[in-house]
Amino acid sequence: MSLIFEKSVEGRQGYRNPPSDVPLCVELPDNLKRATDCPLPEVSELDVVRHFTRLSQQNYSVDTQFYPLGSCTMKYNPKFTERVAQMPEFTDIHPLLPQLRQGEKFTQGSLQVLYEMEQLLSEITGMDHFTMQPLAGAHGELTGVMMMAAYHKAKGNKKKYIIVPDSSHGTNPATSAIAGYETLTVPSDASGSVNFEELKKHVTDETAGMMLTSPNTHGVFNSDIDKIVDLIHSVDGLMYYDGANLNAVMGRCRPGDIGFDAIHVNVHKTFATPHGGGGPGAGPVGVNKKLEPFLPISRVEMKADGMFFLNYDYPDSIGYIASFYGNFGIILRAYAYILMLGKQGIKDVSDHAVLNANYIRERLKSVYDLAYDRICMHECVFSALKQSSRGVQALDIAKYLIDQNIHPPTVYFPLTVKEAMMIEPTETESKETMDRFIDVMIQADKLSQSNPEEFHFMPRTMPISRPDETKAAREIQTNYFNQL
Amino acid sequence: MANYIANTPQEIQDMLKVIGVSSIDDLFKDIKPEYQPQSFNLPEGRSEFEVFQKINGLAAKNISGLISFMGGGYYDHYVPAAVLSIISRGEFYTAYTPYQPECAQGTLQALYEYQSSICALTGMEVSNASLYDGGTALYEAAMMAARITKRNKIVMDGGVSPVSRKILRTYTNNLHYEFAETPVKHGRCDREQIDKLLDKDTAAVILQNPNFFGAIDNHSDIIEKAHALGVLVIESVYPVSLGLLKTPGEMGVDIVVGEGQSLGLSLNFGGPYLGFMATKKKYIRKMPGRIVGETVDQNGKRCFVNTLQAREQHIRREKATSNICTNVSLCALQSLVYLSLLGKQGLKELAQTNLNKAEFLRQQLEQINGVEVKRSTPTFNEFTISMSKDASDVVEEMIDRGFAAGFPLGQYYKGMENYMIVAVTEKRTREEIESYVKALKEILCR
């Protein structure tokens, strides 16, 4: 499809600005002005609407397709939450307004949303306090690890290492590194959990803490998780709970009760805020009493008279981690979702996410090899090793699914499983949707036996097929204007 | 069962039978009984209508309707209806990161066009697919400069947003960086001081244009001196101003970042926003964040993919350029639609209108006894005034008269308690500007 720039016609305009109704026109000196006008497209509003509507139709999305992308929790995003997020009373508030004297009076509604979300997320996860500020899951991780570093500094601990399992998301080691720690990776055992004997060898007085996703990316809940927590705590290390997979365990267990010291929550996964084609999300961080003094400022609190306000007076705080109070518009959507579901509804989410994943696991396990043949949590990991011996790899199966109008599962992650296919149906999908997916997966396996070459031409139904990624990386072309 | 769960009681039984267990509880046996939540006191679930009532009540507790002259990097521009209409398409907002390019060309092409627009605005060669917000983008830029130069000293101009500077310090607290800040002189960069601080250990100097006080500048001279010492220049910019102002590319800036909120995003009480970053082509492999590139498919057709992923955490883990997992695709799309609607002429006109209206207010304020307008440099749509009274007191009184009059500087700059910054966008009419002047006059000349 042509680019919006290629649709440009000189002199065409898509939007009429309000007039300059003041009696002067300022001319800036030449040395402060750009030499030529910014080469934005010249198109009509209809050109714009049609262009982007057509582009949107080239996407698969939760609204249009089954999207069992493992580790991403692609559940349905309720339309209601979009509606409240667009209310002008919320969208039109300038973030500096509550920082004016008496300015808080004008933002009580927004501050109350942030305040109540802290209570709600604390109750769901068993933590003592939350900050809504982190702007994404990985940003939450960084906030959490910086608080861990502040804790060790305050206690005079000499710490050097953060431990991560080999099944972890790449963000965990990357976060540890940019927060100033070295990463130690521990292998998994035969059941898909952390290998405890190996872990023991890695834990020393220099262990700052461990980052753990639970259930982990193998879809396994480590039943001996308390042993890990005790071991890390025995050297005054801290336990960080990567909440990427919280959708599996709500109402069944709480990281805070198990002894985790910090946690981030991906609200765009668990609490149904939209993924937006890759953001914006939000990654609120919860902590227990040990880490509470180090929470970022500002914190939203309530005065005795019921007024909400921003408190900056925390001398031990790690400081500012975002410009304001977090992705407010996203937090508001999650707030609406939690209020609607309530106590039973939130627990049902996890129950049905796990039920659906096990249903798929059970029905496909005779066709594809399971990475770990056991009851799973909210996602199941298969390996396409059998199919790949016939010349059909996980990526080929993904392309087959695209032709069947299904978004593929996550492939080649976790890195610990060869030819991995990670399937997460979520609780919002119906049995007939899953049945159709299962049938399609079975057909793919049959085709891998009868005609494996056929896969290499897939997908056939889409505008494009099998982009040349090597060319993209070698002949870097990331800007239309560089071609001109 | 409601709550967006489709399974019926019969289906639940059928599925449990296939799995070979008798209840959903059986699926949770790995969670030991002692891990049962010690408490789970959430409110009972409610209908959509009831929750709407509750949230509507909260919305009413936000008192809007103040006529806003607030800026500080976040501006009250009008957002055309088509912007929200397009980003509300489920095909965009309920998709995820384009891991499978064949079924994500919509997002990928839009991000390619976004990157191109950012390059057009800034005059730079390459852009990434966006970062969380302007503040965190500045931190990413500083880390990027340190990676490129393998140096660890950062010089920051005092005209850079104080919040962004605080963020940068938080993130580097545990790392080995050395910071030097130079206070502004007559409202703009103190060239002499910056000169003194730059040396062969300096990774980067960070500037902002227009700066936090609203002053616009041409940094070419500073950039030339920095480059002679191998120091990179990072500049934070306000994108709407680039409809008129000299681009960072023209000045020779190495890494450009900024807050993209003004490009069609609501103020939203602080987020979601849009961090953008652009640089020279030679530095692209050191840039953090997603990058979309053009290529061809197996039939030779032009298409778009995530590229240079070997920089990223999901491949490189602890050796990645950043821990960032995603960008803010939907916000990037939002800014792209906005820029496409405005177009070449529209953006220029918008910038000129902002400039005119701000200058009109500035001239009116100069007439007031008790106001001093800082005139040492040209400004764009925001400027600094000092007053005969404490700025926080004045702002408080102005609120009573229906104005969010500006942002007092005392909170971030010691000794500037009587100063505030005042912003004017295209949304402020002449009538509103004149009544603002009248109100301020009454307060100051009492």
Requested in this report: Please enumerate the residues belonging to segment B:148-185 that are out of contact with any strand residue (DSSP E or B) (no Cβ under 9 Å at 6 or more places or on another chain) and either in contact (Cβ under 8 Å) with a residue 60 or more places away in the chain or assigned to a helix (DSSP H, G or I) (or both).
Outcome: B:P162, B:V163, B:K166, B:I167, B:T170, B:Y171
Query raised in the report: Counting just the residues of segment A:97-138 that are under 12 Å from A:V287 (Cα atoms) and of a type in the set (V, I, T), which one comes out farthest from the other protein chains (Cβ to nearest Cβ)?
Result: A:T131
Query raised in the report: Which residues, taken from segment A:1-36, are buried (at least 16 other Cβ atoms within 10 Å of the Cβ), more than 7 Å from chain B (Cβ to nearest Cβ) and not in a loop (DSSP other than H, G, I, E, B)?
Result: A:K7
Report task. Please work out if A:S323 is in contact (Cβ under 8 Å) with a residue 60 or more places away in the chain and not in a helix (DSSP H, G or I). Result -> yes
Query raised in the report: So, of the residues in segment B:41-69 that are under 21 Å from A:M307 (Cβ atoms) and touching a residue at least 60 places away in the same chain (Cβ under 8 Å), which turns out to be surrounded by the most Cβ atoms within 10 Å (Cβ to Cβ)?
Result: B:L66
Query raised in the report: Given the residues B:T295, B:T307, B:T326, which is the only one that is at the interface with chain A (Cβ under 8 Å from one of its Cβ atoms), among the hydroxyl-bearing types (S, T, Y) and touching a residue at least 24 places away in the same chain (Cβ under 8 Å)?
Result: B:T326
Query raised in the report: Counting only residues that are part of a loop (DSSP other than H, G, I, E, B) and small (G, A, S), which one in segment A:57-103 is surrounded by the fewest Cβ atoms within 10 Å (Cβ to Cβ)?
Result: A:S71
Requested in this report: Can you tell me which residue among A:E89, A:E42 is within 16 Å of B:L341 (Cβ to Cβ), within 7 Å of another protein chain (Cβ to nearest Cβ) and out of contact with any Leu (no Cβ under 6 Å at 6 or more places or on another chain)?
Outcome: A:E42
Query raised in the report: Taking helices (runs of 4 or more DSSP H) that fall entirely within segment B:48-100, which contain at least 2 residues that are among the hydrophobic types (A, V, I, L, M, F, W, C) and outside the structural domain of B:K357 (by TED's automatic domain parsing)?
Result: B:48-61, B:81-87
Report task. Just need a number here: residues in segment B:377-408 that are more than 10 Å from chain A (Cβ to nearest Cβ), in contact (Cβ under 8 Å) with a residue 60 or more places away in the chain and either assigned to a loop (DSSP other than H, G, I, E, B) or among the hydrophobic types (A, V, I, L, M, F, W, C) (or both). Result -> 4
Report task. Could you tell me which residue of segment A:453-484 is surrounded by the most Cβ atoms within 10 Å (Cβ to Cβ), considering only residues that are part of a helix (DSSP H, G or I), more than 7 Å from every other protein chain (Cβ to nearest Cβ) and of a type in the set (D, E, K, R)? Result -> A:E454
Query raised in the report: Looking only at segment B:195-221, which residues are more than 15 Å from B:G71 (Cβ to Cβ) and either modelled with pLDDT under 95 or buried (at least 24 other Cβ atoms within 10 Å of the Cβ) (or both)?
Result: B:A203, B:A204, B:V205, B:I206, B:L207, B:D217, B:H219
Query raised in the report: For segment B:374-408, what are the residues that are hydrophobic (A, V, I, L, M, F, W, C) and over 28 Å from the mean Cα position of the chain (by Cα)?
Result: B:M387, B:V394
Requested in this report: Mind telling me which of the residues A:H94, A:H139 ends up being touching a Phe, Trp or Tyr at 6+ places or on another chain (Cβ under 7 Å), without any contact (Cβ under 8 Å) to a residue 40 or more places away in the chain and of a type outside the set (G, A, S)?
Outcome: A:H94
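The values are calculated or read from the model by the stated rules, or taken from the named source; none is laboratory data. What you are looking at is a predicted structure, and each value in this text was computed from that prediction instead of being measured. When we count neighbours, we look across all protein chains shown, and the Cβ atoms used for this are built from the backbone with ideal geometry, even at glycine.
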